[in-house]
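Written out below as structure tokens is the structure these notes cover.
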Amino acid sequence: MRARTPAALVALLAMAACGTGPAAESDGRTTITLGYYAEAGGPADGTMRKLVADFMKANPTVDVKIESAAYDEFYTRLRTQLAGRKAPDVWLSDGALVQEYAGRKSLRDLNDLAKSLNADDYYGIDLIRKSDPQGRLFGFPQGAQTAVLFYNKTMFKQAGLTEPTGEWTYDDLMSAAKKLTKDTNGDGKPDVYGFRSYSKSFTESWWPLVKAFGGDILDDGGKVVVDSQPARDGLNWMLKAMHEEKVSPDVVTTDALGGSQTLFPSGVVAMQLGIYARIQTAAQGDVDFGVAPMPKGPGGKRGEIANINSWVINSASADPQAKAAWKWIEFFSGEGPQTAWTQIGEAMPINKKVAASPAFLEPGKPPAGRQVFLDALAVADDLGLNPVWSEYTGALAKPITSALSKEVPVDAALKTAQADAQAAIDRFTPGG
């Protein structure tokens with residue numbers, strides 16, 4: 001679930017995409033270009049390249065040209081490719097961006113191609129279809145992300161606290177956070193905090209808090225509804241944690257300490273809301289950690305949300321390239337490739353057989369109890385995706401961050417957020 005989307009993405013999507021290869025080579029072979037984001041030489045890049053090699057062995061008439069880069073670089077380059085009509089035939093899209101591409105006619109509807117698979121065997125297809133008003137399938141799941149509560153088991157033990165359970169409320173979280181917050185150097189300021197509440201990755205911060213307290217961001221009719229009492233309650237809980245109880249670093253302190261994603265693996269915070277991919281960063285810090293369901297809000301809601309990263313096919317690619325690209329998607333979704341991908345801990349598997357296997361549930365490394373991610377995914381809502389995701393979430397995040405920084409009152413921030421985000425949606429012209 002990457003909330004860090006390029007601000008200029010809306011501009012790039014306005015350009016028409018075009019497939020890159022010839023329709024078919026004279027010798028009956030088909031060449032496709034496959035794009036994905038991953039750190040060069042890292043586990044994801046290495047695994048993907050091996051899977052591409054395996055795919056070509058299994059499909060000897062298909063040649064695959066790889067185009068990869070780190071996340072930000074990948075999308076920067078993609079802007080240029082779209083502008084020059086040289087986009088890949090198939091690429092890995094952050095799930096939050098699929099409807100942006102689709103809204104500008106850049107993606108092929110995969111519903112007909114997907115008939116070759118049983119949709120019930122995979123997670124995430126329903127959420128992708130839900131985000132399109134006509135139920136079209138503009139992406140096929142590559143990996144799933146949903147947020148749960150991460151906690152440092154060592155810190156809990158040292159504080160004499162019982163580990164979080166599925167019955168925890170946000171009151172329980174606040175109570176535990178007070179006991180976990182420490183001033184170890186005696187300067188009158190915490191240097192170990194009980195909970196990290198603010199994050200620029202708002203899907204691990206104020207977004208699920210708003211939903212847990214009974215609010216929403218976008219209703220089923222596509223209207224922004226964030227200006228509500230439940231949303232105020234959620235943000236005020238965060239303000240209390242940061243500025244009154246001081247059990248959570250405030251916005252400025254979070255950034256000064258290295259950013260929200262460094263605090264848990266470095267032991268600066270004892271708890272955080274985190275998507276599945278945070279397992280990787282926690283492991284880098286050699287933290288003994290566990291995961292638990294999201295706490296319950298006042299009405300019993302947890303605010304589970306999911307992002308489904310997806311393979312997408314260029315709408316302008318010729319049929320031979322599109323069919324070969326679909327073969328790749330079918331291959332990647334199979335048990336063998338899904339098991340291999342699961343081992344790097346980058347995303348939850350979308351193949352349900354693999355998700356139910358020891359490869360996912362019992363990998364022999366923290367965290368134990370990974371079923372909690374699947375339980376959250378089973379009830380998770382989508383992110384209210386639309387063709388102007390980057391612009392409308394930017395319009396939401398700016399005033400809400402100002403409120404959490406105590407620069408503006410919560411009421412004024414939510415009013416501005418709703419008006420500006422709705423204006424971004426209303427300005428969009430399909431295909432424009």
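The values are calculated or read from the model by the stated rules, or taken from the named source; none is laboratory data. Given the structure is predicted, the values throughout are model-derived calculations rather than measurements. Note: ideal-geometry Cβ built from the backbone for every residue, glycine included; neighbour counts use all protein chains shown. We work out accessible area using only protein heavy atoms, side chains counted, and drop any ligands, DNA or RNA first. Shrake-Rupley method; radii C 1.70, N 1.55, O 1.52, S 1.80 Å.
From the list Gln145, Gln158, the lone residue that is under 15 Å from the mean Cα position of the chain (by Cα) and modelled with pLDDT of 95 or more is Gln145. For beta carbons closer than 6 Å, sequence separation of 6+ or different chains, a first residue in segment 147-167 that is open to solvent by 10 Å² or more (accessible area, probe 1.4 Å) and a second that is acidic (Asp, Glu), the qualifying pairs are Lys153/Asp288; Thr154/Asp288. Tell me, please, whether a residue that is among the aromatic types (Phe, Trp, Tyr), in contact (Cβ under 8 Å) with a residue 12 or more places away in the chain and in a loop (DSSP other than H, G, I, E, B) can be found in segment 278-293. Within segment 278-293, not a single residue is among the aromatic types (Phe, Trp, Tyr), in contact (Cβ under 8 Å) with a residue 12 or more places away in the chain and in a loop (DSSP other than H, G, I, E, B). When Phe74, Phe55 are screened for being touching a residue at least 24 places away in the same chain (Cβ under 8 Å), within 29 Å of Trp207 (Cβ to Cβ) and either open to solvent by less than 30 Å² (accessible area, probe 1.4 Å) or not in a strand (DSSP E or B) (or both), only Phe74 passes. Being closer than 21 Å to Gln145 by Cβ, buried (at least 17 other Cβ atoms within 10 Å of the Cβ) and over 17 Å from the mean Cα position of the chain (by Cα) is a property that Ala424 lacks.
For the residues Val247, Val224, Val251, the requirement of being touching a residue at least 12 places away in the same chain (Cβ under 8 Å) and over 30 Å from Thr184 (Cα atoms) singles out Val224. Looking across Asp187, Asp183, Asp255, Asp227, one residue alone is touching a Leu at 6+ places or on another chain (Cβ under 6 Å) and open to solvent by 30 Å² or more (accessible area, probe 1.4 Å). It is Asp227. What pairs come out if I take residues in segment 385-403 that are over 26 Å from Asp126 (Cα atoms) and pair them with residues that are open to solvent by 20 Å² or more (accessible area, probe 1.4 Å) and outside any helix (DSSP H, G or I) whose C-beta lies under 6 Å away, six or more apart or interchain? Correct list of pairs: Ser402/Val408.
Of the helices (runs of 4 or more DSSP H) entirely within segment 318-432, those holding at least 2 residues that are among the aliphatic types (A, V, I, L, M) occupy 319-332, 352-355, 358-361, 371-379, 389-404, 410-427.
If only residues of segment 83-108 that are assigned to a loop (DSSP other than H, G, I, E, B), touching a residue at least 40 places away in the same chain (Cβ under 8 Å) and open to solvent by 30 Å² or more (accessible area, probe 1.4 Å) are counted, the one that is farthest from Asn351 (Cα to Cα) is Arg85. Once segment 109-131 is narrowed to residues that are open to solvent by 10 Å² or more (accessible area, probe 1.4 Å) and not in a helix (DSSP H, G or I), the residue that is nearest to Glu335 (Cα to Cα) is Tyr122.
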